[in-house]
Amino acid sequence: MSSLIVDKIDQWRNGGLTVYFEGFGQCGVMTNPRSYLDRNEFVKVAVKKCE
């Protein structure tokens, strides 16, 4: 993932949003997006406001 995408994910998380992902043969809540910086693979990312 590019650093721009990781920065945006961090911004969403810091704003109280839960970030979900699908990629890297996994799916779930993204808790440490920086760990994916060096991976070149298509990833779907979605946010959902915490209720």
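The values are calculated or read from the model by the stated rules, or taken from the named source; none is laboratory data. Just so it is clear, the structure is predicted and the values come from calculations on it, not from any experiment. Quick reminder, even Gly has a Cβ in these numbers, built from the backbone with ideal geometry, and neighbours come from all protein chains shown. Protein only, heavy atoms only, side chains kept; ligands, DNA and RNA dropped before computing areas. Shrake-Rupley method; radii C 1.70, N 1.55, O 1.52, S 1.80 Å.
Scanning the range 24-37 for residues that are open to solvent by less than 50 Å² (accessible area, probe 1.4 Å) and under 10 Å from the mean Cα position of the chain (by Cα) gives G28, M30, P33, Y36. Going through (1) in a loop (DSSP other than H, G, I, E, B); (2) open to solvent by 80 Å² or more (accessible area, probe 1.4 Å); (3) in contact with a Gly (Cβ under 9 Å, 6 or more places away or on another chain) one by one, N40 falls short only on (3). Taking the range 3-37 as the range and being out of contact with any helix residue (DSSP H, G or I) (no Cβ under 8 Å at 6 or more places or on another chain), under 19 Å from K48 (Cβ atoms) and in a loop (DSSP other than H, G, I, E, B) as the test, the residues that pass are G15, G16, T31, N32.
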